[in-house]
Amino acid sequence: MIAAFSLITYWCNQEYNPVTGETQHINMSADQEIALGLQAAPEMAQQYGGLHPDQQAAAKVKEIGQRIVQNTSAGETPYQFNFHLLADESTINAFALPGGQVFITAGLLSKLQTEGQVAGVLGHKIGHVVARHSAEQIAKSRLTQGLTGAAAVATYDPQNPSSASTAAAAAMIGKLLNLKYGRDDELESDQLSVMFTAQAGYDPKAMLAVMQILSESGGGGGPEFFQTHPNPANRRNRIEAAIAEAFPNGVPQGLIP
């Protein structure tokens with residue numbers, strides 16, 4: 001019954017995404033995503049030392065982010081985009097909350113050498129928002145929790161303590177499934193960023209330099225299967241393929257590097 005309820009709830013909640021052209025399994029509205037992101041933003045910022053005091057740098061991040069939003073289909077969505085520079089200068093990271101709150105650490109920003117590279121990072125995070133990856137992850141997490149919970153109930157035998165290991169294995173499988181979804185989301189956001197940056201006047205090839213920076217900074221080390229982010233080298237290959245597909249005659253001249 002637990003498994004059946006989880007499956008029915010998941011499969012019956014579908015919504016078409018006009019940006020990606022996909023039909024997604026989502027059980028929250030855009031307004032709920034926005035509210036969730038706004039609620040979580042202060043706490044997330046605090047974890048990285050709060051907002052950076054350099055108003056000029058913060059304003060530049062906002063300018064680049066809003067330029068992407070205003071010149072792409074992201075601006076046609078209901079999401080309320082806002083871009084924040086975090087004070088943490090030692091952590092190399094950027095992330096997006098549901099509904100349009102986008103963050104980049106001073107540590108990552110200091111590694112980026114051009115405006116186009118900043119645009120590549122922000123375009124990737126905008127991609128997460130408009131592709132509704134967080135809402136998808138929540139729906140998938142609820143599904144896998146329901147299925148693994150059903151497996152635990154079905155396999156656990158109080159008279160046989162070893163049956164608990166079966167339940168633990170089921171829980172691990174559910175976790176790894178959700179990690180796979182995360183890697184797929186990252187690759188889709190890279191593809192969206194290629195499109196978004198070019199539409200906003202930035203050279204999408206700058207994203208290749210970002211992948212090199214992440215590689216040199218240790219991003220993506222370790223077995224890829226157990227990570228939510230693909231290895232930067234693998235992402236680079238997919239980005240090159242996405243650029244070639246979007247611009248078969250070559251990237252237009254005059255874009256901001």
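The values are calculated or read from the model by the stated rules, or taken from the named source; none is laboratory data. Being a predicted model, the structure only gives us computed values, none of them experimental. Here the Cβ positions follow ideal geometry from the backbone for every residue, glycine too, while neighbour counts run over all protein chains shown. The protein model used for the area step is the full one, side chains on, heavy atoms only, and it has no ligands, DNA or RNA in it. Shrake-Rupley method; radii C 1.70, N 1.55, O 1.52, S 1.80 Å.
Considering segment 74-109, and only residues there that are touching an Asp or Glu at 6+ places or on another chain (Cβ under 7 Å) and not aliphatic (A, V, I, L, M), the residue that is most open to solvent (accessible area, probe 1.4 Å) turns out to be Pro98. Counting only residues that are outside any helix (DSSP H, G or I) and either crowded, with 20+ Cβ neighbours inside 10 Å or modelled with pLDDT under 95 (or both), segment 113-136 holds 2 of them. Looking only at segment 175-197, decide whether some residue is modelled with pLDDT under 95, outside any loop (DSSP other than H, G, I, E, B), farther than 30 Å from Gly75 by Cα and basic (Lys, Arg). Checking segment 175-197: at least one residue is modelled with pLDDT under 95, outside any loop (DSSP other than H, G, I, E, B), farther than 30 Å from Gly75 by Cα and basic (Lys, Arg). Might you let me know whether segment 200-207 holds any residue that is surrounded by fewer than 18 Cβ atoms within 10 Å (Cβ to Cβ) and at pLDDT 95 or above? Looking for residues that are surrounded by fewer than 18 Cβ atoms within 10 Å (Cβ to Cβ) and at pLDDT 95 or above, one finds at least one in segment 200-207, hence yes. Are there any pairs, at least 6 apart or on different chains, whose C-beta atoms fall under 6 Å, with the first in segment 230-257 and part of a helix (DSSP H, G or I) and the second open to solvent by 50 Å² or more (accessible area, probe 1.4 Å), and if so, which? Close Cβ pairs (under 6 Å, with a partner that is open to solvent by 50 Å² or more (accessible area, probe 1.4 Å)) amount to Pro232/Ser215; Ala242/Gln191.
Looking at this structure, is Leu109 in contact with a Gly (Cβ under 9 Å, 6 or more places away or on another chain), among the aliphatic types (A, V, I, L, M) and closer than 23 Å to Pro232 by Cα? Criteria not met by Leu109.
Identify all residues within segment 25-51 that are at pLDDT 90 or above, open to solvent by 60 Å² or more (accessible area, probe 1.4 Å) and either in a helix (DSSP H, G or I) or at positive phi (or both); write none if there are none.
At the first step, the residues of segment 25-51 found to be at pLDDT 90 or above are 29-35, 37-51.
Subsequent filtering for residues that are open to solvent by 60 Å² or more (accessible area, probe 1.4 Å) retains 31-32, 38-39, 42-43, 46-47, 51.
Answer for segment 25-51, where residues must be at pLDDT 90 or above, open to solvent by 60 Å² or more (accessible area, probe 1.4 Å) and either in a helix (DSSP H, G or I) or at positive phi (or both): Asp31, Gln32, Leu38, Gln39, Pro42, Glu43, Gln46, Gln47.
The C-beta contact set for segment 103-121 (first residue among the hydroxyl-bearing types (Ser, Thr, Tyr), second residue open to solvent by 20 Å² or more (accessible area, probe 1.4 Å), distance under 6 angstrom, 6+ apart or interchain) comprises Thr105/Tyr48; Thr105/Asp88; Thr105/Thr91; Thr105/Asn93; Thr114/Pro257. Could you go through segment 54-72 and let me know if any residue there is open to solvent by 70 Å² or more (accessible area, probe 1.4 Å), polar (S, T, N, Q), in contact (Cβ under 8 Å) with a residue 24 or more places away in the chain and not in a helix (DSSP H, G or I). Checking segment 54-72: at least one residue is open to solvent by 70 Å² or more (accessible area, probe 1.4 Å), polar (S, T, N, Q), in contact (Cβ under 8 Å) with a residue 24 or more places away in the chain and not in a helix (DSSP H, G or I). Within segment 73-97, the set of residues being out of contact with any strand residue (DSSP E or B) (no Cβ under 6 Å at 6 or more places or on another chain) and part of a loop (DSSP other than H, G, I, E, B) comprises Thr77, Pro78, Tyr79, Gln80, Phe81, Ala87, Glu89, Ser90, Ile92, Leu97.
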